[in-house]
Structures are given as structure tokens and as C-alpha cells.
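Every number in this text was worked out from the coordinates using simple rules, so none of it is lab data. From a predicted model like this one, the values you see are computed outputs, not experimental measurements. Reconstructed Cβ throughout: ideal geometry from the backbone, glycine too, with neighbour counts over all protein chains shown.
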Amino acid sequence: AEVISGELVLLMLGLAAIGAAGAAALGVPLGVDAAVFALLGLGLIFVARPALKRRLNRGLELKTNVAALIGKKAVVESTVDATRGRVRINGDVWSARAFDETQVLETGQTVTVMDISGATAVVWAEP
């Protein structure tokens, strides 16, 4: 059931049961054994499980298409200003315009892709 759901609740309860079994092996009374199970179960479910799920789910988001280009470096192919220009991103030539309308970016300059607007890369070079 845990493999199908992937929610880690049964795993946390299983670990709490192992802890309670360890307490029982030490010869503690049944009430203490039940309290160990309850405290471990609640602690694992509400503290350890969220942290573990965050760690397991980190990095699963795969950026594709336009989202993958934002933040990439590009090289200016023809002068880029507030209205036009061309840049090379990952080997592909894109039409481009400057993010900062006062910038004029010259050929060969390395810039950063800030956004993609339609089929136009909006780029910025650090002053």
C-alpha cells in the first residue's frame, strides 16, 4: 500500500511500531509501550514526513521550452536595442530586445535572458 500511495504514512507508523517493539523488549509496561508508539508515530508523521517528502520531491520540476531559457547566457549576434536585435541562445538564433530600454548591446557581448516575449528574447547585460 505504501508503494502505491507514496505518502510515507505507513512507513512512519512502521518505524513507530519498531520503536514500540524495542521498548517492549526492554520490559516496559504496556501503557508506556503504547505511549512510545503514539509519540513516535505522531512525531514521525508531523515532523519527519514533511521534511522527507520535501527532500524527495526536490528537483522533480523539469523546466522545458521557454521556461528553460530564462536565466541562460546568450551572445549578441547583431546589435540589440529596445526594439530589435538578434542573439544566439544554446546555438539557436533568436530575435531579441533589451530588457533595459536605455541599453544598446553590441555584437559579441554576453547577455542574460530575462524573459521570452512571444518569439523575442528579452535580454540584459550588466552595466
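At a glance:
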quantity: Surrounding net charge for I45, when Lys and Arg each add one and Asp and Glu each subtract one, Cβ distance under 14 Å; calculated: 0
quantity: Total charge dipole magnitude, the chain, about the Cα centre, Cβ charges on Lys, Arg, Asp, Glu only, Debye to nearest 20; calculated: 220
quantity: Span-rule helices in the chain, defined as complete DSSP H runs reaching 15 Å or more along the axis (Cα) with Kyte mean at least 0.0; calculated: 9-25, 30-43
quantity: All aspartates and glutamates inside 18 Å of K53 as judged from Cα atoms, apart from same-chain residues fewer than 8 positions distant; calculated: E2, E7, E61
quantity: Candidates per GluC sites (Glu not before Pro) in the range 1-86, loop by DSSP, up to 11 other Cβ within 10 Å; calculated: E61
quantity: Rule-of-thumb Rg ratio for the chain [Cα; 2.2 N^0.38 Å; N residues]; calculated: 2.01
quantity: The range 50-107 - charge dipole about Cα centre, Lys and Arg +1 at Cβ, Asp and Glu -1, debye rounded to 20; calculated: 620
quantity: Ellipticity estimate at 222 nm from DSSP helix runs (n ≥ 4, -39,500 (n - 2.57)) divided over the chain, nearest 500; calculated: -11000 deg cm²/dmol
quantity: Partner aspartates and glutamates for K72 [C-alpha distance under 13 Å; skip if fewer than 8 residues away on the same chain]; calculated: D92, D115
